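Student: Okay, handing you the structure first.
Since every read-out is calculated from the coordinates, none of them should be taken as a lab result. Since this is a predicted model, take the numbers as computed values, not measurements. Cβ: placed from backbone, ideal geometry, glycine included. Neighbour counts: every protein chain shown.
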Amino acid sequence: TFESLPSDFFHLEASLSPVELDKLMELRTYLETEIKPVINDHWDRAEFPKALVKGLADTKLIGMAWPETEPFPTTAVFRGWVALELARIDASVATYVGVQNGLAMGSLGVCGSDEQRAYWLPKMHTGEIVGSFGLTEPLSGSDSAQGLRTTATRDGDEWILNGSKRWIGNATWSDICVVWAKDTADGQVKGFIVPTNTPGYVATKIERKQSLRIVQNADITLTDVRVPEANRLQKANSFADTATVLRLTRAEVAWAAVGIAVGAYEAALAYAKERIQFGKPIASHQMVQDLLVKSLGNITSSLSLVLETSRMQDAGKMKDEHAALAKAVATARMRESVAWCREILGGNGIVLDYDVARFFADAEAIYSYEGTREMNTLIVGRAITGHAAFV
Ligand code: FAD
């Protein structure tokens, strides 16, 4: 039976169906028994727990947005709660799912032809195929809508890709990478399913990261990489189609941000009840309670925000600016909260064994990826003023 999280202070999960609550509880049990005990060591060694791919696939919660894979009808609200549960245990695990489930499968789900969807999505659902999503480049991050330098040139029934990518999650070990490149004929951004064993595709792990160490991010070089026309995403005709994929995943990143704050808050609350200073638990000191309550306030207001965002998505009313506001606000509140939680642990707040240090460090990457706070602010700013202020 489902147990409500104490950090869901207003019992917002009450709107989920009994089947959904059972699924969430199944996921939580899997994460707490299989992932939580090993996650800090993997973080320390900057290693991804590969066994997780099958374990997560077996929960049938990967790829559930697409009819080709859906185990039961799901809503954006339910998928949001899944992102929260994942990030509550570990932000890197949530990021793996975000890339596989959201960015890679989302590219196929949104931009793939019926044949492409039917071929790739079921294999990705079971974890047989792991995907990555290659948009960002060394010289183009926030400005990727206009700044992409990777090129795609048509050559008969094939395309030749040239360029480089940076920060691509899973890309050192994924089976395919969805590469976004500019068509040299019409200048439009198009998407290509590139098997990672294609000659000319080289992915090198980015070392010495101090955030999301478990996620294997890569620098990729593409040198005369040939892919058949059948591997071009048939419904990706311009960057607007890429942006559709990003809008969907951005809302889920906002949920993951709440999950990270929840994970840090739960660890800090438990610690505060145990740790004795001045002869009593630090949880009984007023100023520690202040930090705990401010964190809970952030979690509660962000949870309400992401829930409403996903409800709009389910109603077909979510626009770019809604997902952008949710991501900008939820990640800013997360960043504030993990710092307060770290403060509650004093010195132990910087040691991996107490979990909060990991949430604190990982929050930084979540704050910046899938659109920085500035970019998401400018998306909302454009919507409310009618003036685009990006350039
Ligand atoms: P820049 O674009 O160089 O920005 C630097 C700073 O300048 C930011 O604060 C930004 O907000 C600010 N700035 C830029 N332009 C403006 C402006 N007009 N007005 C105001 N401020 C501005 N990408 C992928 O394609 N696939 C992935 O799987 C992936 N995974 C990632 C995982 C991690 C851990 C990280 C860190 C990144 C990942 N990314 C991925 C890339 C990520 O999306 C980019 O880092 C992000 O878009 C920001 O780009 P940038 O790092 O190049 O920063």
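Student: In straight Cα distance, which lysines are under 20 Å from Lys294, not counting same-chain residues fewer than 8 positions off?
Tutor: Filter leaves Lys273, Lys327.
Student: Now a separate question. What is the extension gain from Ala389 to Glu26, computed as 0.36 nm multiplied by their sequence separation minus the C-alpha to C-alpha distance, in nm to one decimal?
Tutor: Using 0.36 nm per residue and subtracting the Cα-Cα distance, I get 126.2 nm.
Student: Where does helix 114-125 land angle-wise versus the long Cα axis of the chain, in degrees 0 to 90, nearest 10?
Tutor: Compared with the principal axis, the helix lies near 40 degrees.
Student: Further question: Sort the following peptides by mean Cβ neighbour count (other Cβ atoms within 10 Å, averaged over residues), highest first: 133-141, 328-336.
Tutor: 328-336, 133-141
Student: Step through the table entries Lys54/Lys205; Lys36/Lys317; Lys50/Lys317; Lys123/Lys182, compare each Cα-Cα distance with 32 Å, and write down the pairs that go over it.
Tutor: The answer is Lys36/Lys317; Lys50/Lys317.
Student: Give the aspartates and glutamates whose C-alpha is closer than 15 Å to that of Lys319, dropping any in the same chain fewer than 8 places away, or say none.
Tutor: The qualifying aspartates and glutamates are Asp241, Glu252, Glu308.
Student: Nearest 10 degrees, 0 to 90: what angle lies between the long axis of helix 239-274 and the longest principal axis of the chain (Cα atoms)?
Tutor: Value to nearest ten degrees: 20.
Student: For the chain, with a Gaussian network of springs between Cα atoms less than 10 Å apart, report the residue from Ser132, Ser17, Ser295 with the top mean-square fluctuation.
Tutor: Largest GNM mean-square fluctuation: Ser17.
Student: Among 348-361, 308-321, how do they line up from the highest to the lowest mean number of other beta-carbon atoms within 10 Å?
Tutor: Per-residue Cβ counts within 10 Å, averaged per peptide and sorted highest first, yield 348-361, 308-321.
Student: With 10 angstrom as the radius, rank Met375, Met287, Met124 by how many other C-beta atoms surround their C-beta, starting from the fewest.
Tutor: Met287, Met375, Met124
Student: Setting aside same-chain residues fewer than 8 positions from Lys235, which aspartates and glutamates have a Cα under 13 Å from its Cα?
Tutor: Asp114, Glu115
Student: How much of the DSSP beta bridge set in the chain is antiparallel, as a percent to the nearest 5?
Tutor: 85 percent
Student: Given a Förster distance of 30 Å, report the FRET efficiency between Ser17 and Ser304 from their Cβ-Cβ distance, rounded to the nearest 0.05.
Tutor: 0.90
Student: Once you have a ≥ b ≥ c as the square roots of the Cα gyration tensor eigenvalues for the range 94-141, tell me rounded if a/c is under 1.5, and otherwise prolate or oblate according to whether a/b is larger than b/c.
Tutor: Since a/c reaches 1.5 but b/c is at least a/b, the shape of the range 94-141 is classed as oblate.
Student: Could you list Glu266, Glu374 so that the one with the fewest beta carbons within 10 Å of its beta carbon is first and the one with the most is last?
Tutor: Exposure proxy ranking, most exposed first: Glu374, Glu266.
Student: Then there's this: In degrees between 0 and 90, to the nearest 10, how far off the longest principal axis of the chain does helix 356-368 point, with axes built from Cα atoms?
Tutor: For 356-368 against the chain, the angle is about 40 degrees.
Student: Rounded if a/c is under 1.5, else prolate if a/b beats b/c, else oblate: with a ≥ b ≥ c from the C-alpha gyration tensor eigenvalues square-rooted, which is the range 104-250?
Tutor: rounded
Student: With a/c under 1.5 counting as rounded, go ahead and sort the range 1-106 into rounded, prolate or oblate using the C-alpha gyration tensor (a ≥ b ≥ c being the square roots of the eigenvalues; past the cut-off, prolate if a/b is larger than b/c, else oblate).
Tutor: Oblate is the answer for the range 1-106, as a/c is 1.5 or above yet b/c matches or exceeds a/b.
Student: For the chain, modelled as a GNM with alpha-carbon contacts under 10 angstrom, which of Glu343, Glu128, Glu274 fluctuates the most?
Tutor: Result: Glu274 has the largest fluctuation of those listed.
Student: I've got another one for you. At a 10 Å Cβ-Cβ cut-off, how would you order His42, His285, His11, fewest neighbours first?
Tutor: His11, His285, His42
Student: Which residue fluctuates most in the GNM of the chain (Cα springs below 10 Å): Arg232, Arg154, Arg247?
Tutor: With Cα springs under 10 Å in the chain, the top fluctuation among Arg232, Arg154, Arg247 is at Arg154.
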